[in-house]
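Below is one structure, written out as structure tokens, with a few remarks after it.
The values are calculated or read from the model by the stated rules, or taken from the named source; none is laboratory data. The structure presented is a predicted model; accordingly, all values stated were derived computationally and were not measured. Note that each Cβ is placed from the backbone with ideal geometry, even for glycine, and that neighbours are counted across all protein chains shown.
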Amino acid sequence: MNYPKYSIILPARNGGEYLPTCVETIISQNFSDYELIISDNHSTDNTSNYLNNCSHPNINVIKPPRPLSMVDHFEFALSHAQGTWQMFLGVDDGVQPYFFELAEVLTKYADTAKIRTIFGVRAYFFWNGCQPIYGNAAVRYGAINYIKHKNCKLEASKVLLGLKKSYFDLPQMYVTAIFKKELLEEVKKRQGEKIFTSLTPDANLAAICCSLEKKYIESGIPLGWVGSSPSSNGFSFSLSQKNDNITNNINQDFLNLNKKSAISYNKLAGNIKFGSTVLYFWEALLQTQNLRKKYLNIFLMSRLFKTIMFSVVFLYAKSLVGIDRNKHLIEFKKIISTNKCNYDLIRYLSLLIPIAHKIFWLISRVFRRITRLFYESFYYSVDWNSDKCINMILASKKVQEMIKDTDLIKKIKL
């Protein structure tokens, strides 16, 4: 059979307000060697109505037999993908207007270098209504014409030690990254025909890359729009953390569906509602032990490593504002106790972490500024208070104009 080169997988649940825009960013491009799999997880809004009227030769609409947890829905949707290269999108996300043009360059390079994961730097679109968390930001986009090889183990270590913003800056096959199907097939063989073993699918995918691969490719030109909307789980959890009194139906729906999943959150990482991206990534690593060598798993469970990592998490718990911070610190102490680590040692060590972070960030900033002298770049940002009519399609058109004017993709330095 002739399988498509790209599979774009779009799991949907009650995001009908944003779904048409996401789909438009894909099907509007002059490229046909792809499949767009849209899986409706029994939405109760207008998602079904839109999909019933959605006809396009590259679109395949599917539906699980019953409502699934997010991670089980990801597994279900992924099982239908046939493309050589695959990625997930959320309903409030989108691909860049040059996505396929850039992907063709990157995948050709990856095949030559025998690398199976590709990451594009993040570009953001904040939908109207996200102001309580993200302020007036609407569009944040930056592109630099480089391709870099990144060491997976080193970049994963930076996340766990707080030297990288979060696992969002790792290849997670979600909006910003594409994985080769060959890699996913290897994961299935090692994990009993399962890709997902953690309740946080994006962290799970990042853990897969960093466990099995030596290197990944980083593109300085974004692949997609990382969307944030009032209907997204990330925004909802951030909002509930900011104000503990807010009752959030989206969060509750997410947690209720999780209870029906056969996958459980690893108790060593505490509660999924704790909200630390360091713990999310560590938990995903704990749940993917079959993908790594034994000595690495022993190290991740060692008291020395956990003490250092928990000192970073402690800083996160202390930094929370606008909520009952004591509640998080109590939960944090439970996590420390479960892992049989010394709370006082972690607390004292956390005093040194900011110093190490500042030194690292200073060196990194100087290095980035020097290296950027050798590349071409452009930046584009919009705030809601300056343009109340902005949307993802208009932002994409502006970006496309800039890409054409600068010829940035053709000037990528391999």
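So for region 195-207 (the condition being among the charged types (D, E, K, R), assigned by TED's automatic domain parsing to the domain that holds H73, in contact with a Leu (Cβ under 7 Å, 6 or more places away or on another chain) and under 26 Å from H80 (Cβ atoms)), does at least one residue qualify?
The answer is no, given that none of the residues of region 195-207 is among the charged types (D, E, K, R), assigned by TED's automatic domain parsing to the domain that holds H73, in contact with a Leu (Cβ under 7 Å, 6 or more places away or on another chain) and under 26 Å from H80 (Cβ atoms).
Quick one: V187 ticks every box in (1) part of a loop (DSSP other than H, G, I, E, B); (2) in contact (Cβ under 8 Å) with a residue 24 or more places away in the chain except a single one, so which number is it?
(1)
For region 273-292, give me each residue that is polar (S, T, N, Q) and either in a loop (DSSP other than H, G, I, E, B) or touching a residue at least 60 places away in the same chain (Cβ under 8 Å) (or both).
S276, T277, Q287, T288, N290
Take the residues in region 254-266 that are in contact (Cβ under 8 Å) with a residue 24 or more places away in the chain and in a helix (DSSP H, G or I), then tell me which one is farthest from I336 (Cα to Cα).
Result: L257.
Specify which of the listed residues (L68, L51) is aliphatic (A, V, I, L, M), farther than 18 Å from W225 by Cα and in contact with a strand residue (DSSP E or B) (Cβ under 6 Å, 6 or more places away or on another chain).
Every option except L51 fails the conditions.
Based on what the data block shows, is I26 touching a strand residue (DSSP E or B) at 6+ places or on another chain (Cβ under 9 Å), more than 30 Å from N256 (Cβ to Cβ), surrounded by 20 or more Cβ atoms within 10 Å (Cβ to Cβ) and in the same structural domain as A177 (by TED's automatic domain parsing)?
Here the answer is yes, as I26 does meet what is asked.
Do any strands (runs of 3 or more DSSP E) entirely within region 72-160 hold 3 or more residues that are buried (at least 18 other Cβ atoms within 10 Å of the Cβ), and if so, which?
Counting at least 3 such residues, we get 85-88, 117-120, 123-126, 137-144.
Scan region 154-176 residue by residue and report those that are closer than 20 Å to D92 by Cα and of a type in the set (S, T, N, Q).
Across region 154-176, the qualifying residues are Q172, T176.
Somewhere in region 359-366, is a residue more than 30 Å from K306 (Cβ to Cβ) and within 27 Å of the chain's Cα centre (by Cα)?
yes
Going by the structure shown, is E218 more than 29 Å from A137 (Cα to Cα), of a type outside the set (S, T, N, Q) and either in the same structural domain as R116 (by TED's automatic domain parsing) or at pLDDT 95 or above (or both)?
When the stated conditions are applied, E218 does not pass them.
Given (1) out of contact with any Pro (no Cβ under 9 Å at 6 or more places or on another chain); (2) over 26 Å from N233 (Cβ atoms); (3) in contact (Cβ under 8 Å) with a residue 24 or more places away in the chain, identify the lone condition not met by Q29.
(1)
If S377 satisfies every condition in (1) in contact (Cβ under 8 Å) with a residue 12 or more places away in the chain; (2) within 30 Å of R303 (Cα to Cα); (3) of a type in the set (G, A, S) but one, which is the exception?
Single failed check for S377: (2).
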